[in-house]
Structure formats: C-alpha cells, structure tokens
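Engineer: There's a structure below that I have some questions on.
The values are calculated or read from the model by the stated rules, or taken from the named source; none is laboratory data. As the structure is a prediction and not an experimental result, all values here were calculated from the model. As a convention, Cβ positions derive from the backbone with ideal geometry for all residues, glycine included, and neighbour counts pool all protein chains shown. Surface accessibility is based on the protein's heavy atoms, side chains included, excluding ligands, DNA and RNA. Shrake-Rupley method; radii C 1.70, N 1.55, O 1.52, S 1.80 Å.
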Amino acid sequence: MTGSLTLAARAAYILRDNSTGVITKASPSLYPHQWSWDAGFNSIGLAAVDLPRARRELDSLFAGQWRNGMVPHIVFDPAATGYWPGPEQWRCSRYCTLAPESPATSGITDPPVHAIAIARILEVAAAHGGRDNEETMQWAAGIYPRALAWHRFLARERADKATGLMTLFHGWESGTDNSPRWDVPYGNVVPGPELPTYIRKDTAHVSDADQRPTDLEYDRYLWLCEEAKRSGYDSATLRRTGSFQVGDVLFTAIYAAASDLLADLAVRLREPDDAAELRDYAAQARAAVFCHVDEASGLAADVDLRTGAWLRTETCAGFAPLIAGRAPYETRQRLTDLLLGERWCGHPALKLPLPPSTSPCSPAFNPACYWRGPVWPVFNWLLTWALRRDGEEVLADKLSVIAIAELEDGTYAEYYHPLTGEPLGSHNQSWTAAVALDWLLAND
Ligand code: 2M8
C-alpha cells in the first residue's frame, strides 16, 4: 500500500513539475508544449488529485481550437524553446484564416480522446459529490459546445466516404508516429527539393538516438508539414494533393468511443438532437472499425487510402475494436484471446505480459525504437479503460496491476523495452504519470 502511495505521490509531483501554470508540458524537455491527446490523458490523471487543474488542462487545450472545430495536435507554450518543428515552421494563422493567432498551434490534429477525459473527470467529481460535482457539471456544460464542434469537424472533414475510417494526412496525427503500420504509405512520401534544411532537436533529449525515428522519417514528417501548409491547412485540398492519406482504425475507434460519451453528456444537458447526431457518428465509426477486421489475423487493419490497400502489420492498433466498444461477441472474444496469446502478452520473451506496440512475432518488431516495439503505458490505460467499460473487469484489473508493476522504478518513462523493462524515451513523461494516477487512485 505504501508502495503504491509513494508511486502515486511521485506521479503527482511530475505533473506539478511539468505544469507551466497554464498547460501541462507533455514532458519536461523533449516535449515542452501541450499536446492534444496527452492533455486528454493528463486531465484524467489530474482529476485524481486536483479537479480544478484537470478542468483547466482541457480549457487551455481548447483555447487553441480552430474556427472550423479542429483541435490542433500541439498548442505551443510561447516561453518554451528546444522543440522542433515549432510555431515558426507551422505559421498556421498566416496560411489559414481559421487558425487562432494566439495561442500558436500546429496545423494537424491528434486522436480525439477528449470526451473520454470529460466523462472521466465527471465521474471523479460525481464520486466527490457536493460543490466539486456542481462546479464540474457547470464546466462540462461550458466545454461541451467546443467538444461538439470538434466531433463535427472530424465527421465533416475527416470521415472517408469509401471506408468510413477517419482520414489522416500525417503519421503524427495518429499519435503512433513511426509505427510500422505506416511504413507502406510513408514509402509514397518523397520530399522535394524545397524541403527546408533543419536541425533535429529530439535526439538530444534521449539516451540513445536509436530510440527515436530516423532522419529519413524526419524528412518525410517535415515534408508532410510543408504539404499541409501549402494546402492552406485544408482537408479537401489535401485529399487531392496529400502524398500520405490513411484510414486509421485506432483513431476511428477512439472517435466512436468518445462520440458515445459526448452523446451521454448531450442527454444530461438536454440536447436530444445533438445526442442523436453523436450516436450516429459513433455508430458509423464503430461499423467502419468492425468492417476492417482482418479474417486471417483477427486484428483490425488500417487502409492506405491512396491505393485502397489494407495495412496488416501486427501493431497494437489492431485491437481497435476493443476500444471502439460494443464489438460483436466473437470479435471481442477472438481479440482478447489474441491479446493474451503468444503473439502478444503471452510471448515468452517478454519481461511482463503487456502488449508491445508491435507484436514480437512481426518482422517489423524493434523493441527499443519508439512506436515500433516498446510498451506504451498510455496505450495500456486505453485498453484497460475500454475493457472495464465493457464489463471485462477481471482482465482490466489484471492488466492494470501488471502495467503499474512496470512503472515501479518511478522513472515514468515515455515507453519501456518489452524484453528488458528498461525505461526509454523521455523520463517524467506527463501522460505516463497521469495514467498511473488514474490506475492507483481513481478507482479507490
Ligand atoms: C510523440 O510525437 C511528437 C510529434 O507529435 C514527437 O515525436 O515530436 C508521440 O508519441 C505522440 O503520440 C505524443 O502525443 C507526443 C507527445 O507526448 O510525442
């Protein structure tokens, strides 16, 4: 018990230390700004220790929302240095009238976990009762129209007509940047001579540059930023011109789950038309995810929208139907068996039975490199949250206990080596601390 309280206290200190007073930096030096889906997870962790700060975290993120409803993937802290590409590369308000001038933001988006966060914050507040609950309900009513505009933006501008999946124009939009799920579509991204020269900053913040994406990958990342900028940050133009266009099953599943929760909030706020609209978004997104389950592997497959080809690399995104919710019984059963089986958590070489970002059986598995193999605590949280939501408490509890055991060294790393348990990437990563807080405290 003392052990878990010490671990929780350390996690709370990390979130305090990473706070600028306005935002929570995704990590102290590697990511000194506010990332969109990190902010969602961070607010969930903050709810366990400081409800007003949890609410402020989402408020400060939505201060960067664009006039078309898009929540950008980064809201920049004007005082922070040391991250590249920064606001001077994106220059969003210069290239698109829909971007706010202040705060400066990036021009792409991130997985829509925010309604999941709002629902979790409301749950924690309801358990407190009294004034905390009232204030949080008032806050939820205030942020709701912004969250609705965000979900409408995705339905309007990103739902692919052919597959129903959410379209991404940059691997960063998936949050799983260099995952091998994107290797084939990235092969189509050929940086032109206009690619600006640049100096990477990220590799200076990790103990070994091999834990980060390669220089070729960074050329492609920057090239896609240039493409987005040239399109005026416009989805319709990018559908014609973008050299990277994928339908992402995990992003779509998160959207389905979040739309359902936002619909529940709409009901509480007596907005039945909105609720019906959001349920419809959820149903369509969920159906798209279920339609892309690969018969042979049992995992969901992304789609390269430029060719229509399914992308079948065995990554943790393949468990998307479990996140989407309401999966048909057989799909759910097969996926949980797969999760616990030898290709995933049951692989004999793993230090702990937790899902790596790529299956150790895949030829693409690289255990020390970023999204190509390490275990990501934040993904484990999403999975345990979804399992618990669907009544799979026993499995959710079992995975949470193991996921906490991985964090016992107190480094709160960004990701962990699945074969040795070594902490990798950034240490004191906010979302790792945040999910630990939720696991350790919020279910008490
Ligand atoms: C990582 O991505 C950023 C680019 O957005 C980077 O490498 O510079 C990803 O893990 C992403 O999912 C995460 O939101 C971000 C901040 O933690 O870092």
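Engineer: How many residues, within the stretch 291-307, are free of Cβ contacts under 8 Å to residues at least 60 places away in the same chain and open to solvent by less than 50 Å² (accessible area, probe 1.4 Å)?
Structural biologist: The number of residues fulfilling the criteria is 7.
Engineer: Continuing with this model, one more query. Mind checking which pairs have a first residue in the stretch 90-116 that is among the acidic types (Asp, Glu) and a second that is open to solvent by 10 Å² or more (accessible area, probe 1.4 Å) and in a helix (DSSP H, G or I), Cβ under 6 Å, 6 or more apart or different chains?
Structural biologist: From the stretch 90-116, the pairs are Glu101/Ser93; Asp110/Trp37.
Engineer: Let me ask another. Against the conditions (1) within 21 Å of the chain's Cα centre (by Cα); (2) open to solvent by less than 50 Å² (accessible area, probe 1.4 Å); (3) away from the ligand (no atom under 13 Å from the Cβ), where does Leu195 fall short? Just the number, please.
Structural biologist: Evaluating Leu195 over (1) within 21 Å of the chain's Cα centre (by Cα); (2) open to solvent by less than 50 Å² (accessible area, probe 1.4 Å); (3) away from the ligand (no atom under 13 Å from the Cβ) leaves (1) as the failure.
Engineer: For the stretch 308-411, which helices (runs of 4 or more DSSP H) that fit wholly inside it have 1 or more residues that are free of Cβ contacts under 8 Å to residues at least 24 places away in the same chain?
Structural biologist: By residue number, 329-340, 377-389, 393-406.
Engineer: Report yes if Pro418 is part of a loop (DSSP other than H, G, I, E, B), away from the ligand (no atom under 16 Å from the Cβ) and open to solvent by less than 20 Å² (accessible area, probe 1.4 Å), otherwise no.
Structural biologist: Judged against the criteria, Pro418 is a match.
Engineer: When Leu122 is evaluated against the numbered criteria (1) open to solvent by less than 30 Å² (accessible area, probe 1.4 Å); (2) farther than 21 Å from His33 by Cα; (3) in a loop (DSSP other than H, G, I, E, B), which criterion, by number, is the only one it fails?
Structural biologist: Only one criterion in (1) open to solvent by less than 30 Å² (accessible area, probe 1.4 Å); (2) farther than 21 Å from His33 by Cα; (3) in a loop (DSSP other than H, G, I, E, B) is unmet by Leu122, namely (3).
Engineer: Evaluate the following for Ser93: is it within 11 Å of the ligand (Cβ to nearest atom) and either within 27 Å of Arg220 (Cα to Cα) or more than 17 Å from the chain's Cα centre (by Cα) (or both)?
Structural biologist: no
Engineer: Next question. I'm trying to understand the selection: among the residues of the stretch 212-228, which are more than 11 Å from the ligand (Cβ to nearest atom) and open to solvent by less than 20 Å² (accessible area, probe 1.4 Å)?
Structural biologist: Listed by number, the residues that qualify are Leu222, Leu224, Ala228.
Engineer: From the list Ala47, Ala26, Ala39, Ala63, which one is open to solvent by less than 40 Å² (accessible area, probe 1.4 Å) and away from the ligand (no atom under 16 Å from the Cβ)?
Structural biologist: Ala47
Engineer: Across the stretch 159-182, which residue is nearest to Ala287 (Cα to Cα) among those that are open to solvent by less than 10 Å² (accessible area, probe 1.4 Å), in contact with a Ser or Thr (Cβ under 6 Å, 6 or more places away or on another chain) and of a type outside the set (S, T, N, Q)?
Structural biologist: Leu165
Engineer: Report yes if some residue within the stretch 115-130 is within 16 Å of the ligand (Cβ to nearest atom) and either small (Gly, Ala, Ser) or over 29 Å from Ala386 (Cβ atoms) (or both); otherwise report no.
Structural biologist: Scanning the stretch 115-130 turns up at least one residue that is within 16 Å of the ligand (Cβ to nearest atom) and either small (Gly, Ala, Ser) or over 29 Å from Ala386 (Cβ atoms) (or both).
Engineer: Now, a different point. Within the stretch 231-248, take every residue that is open to solvent by 70 Å² or more (accessible area, probe 1.4 Å) and either in contact (Cβ under 8 Å) with a residue 60 or more places away in the chain or not charged (D, E, K, R) (or both) and give me the one that is farthest from Thr313 (Cα to Cα).
Structural biologist: Thr241
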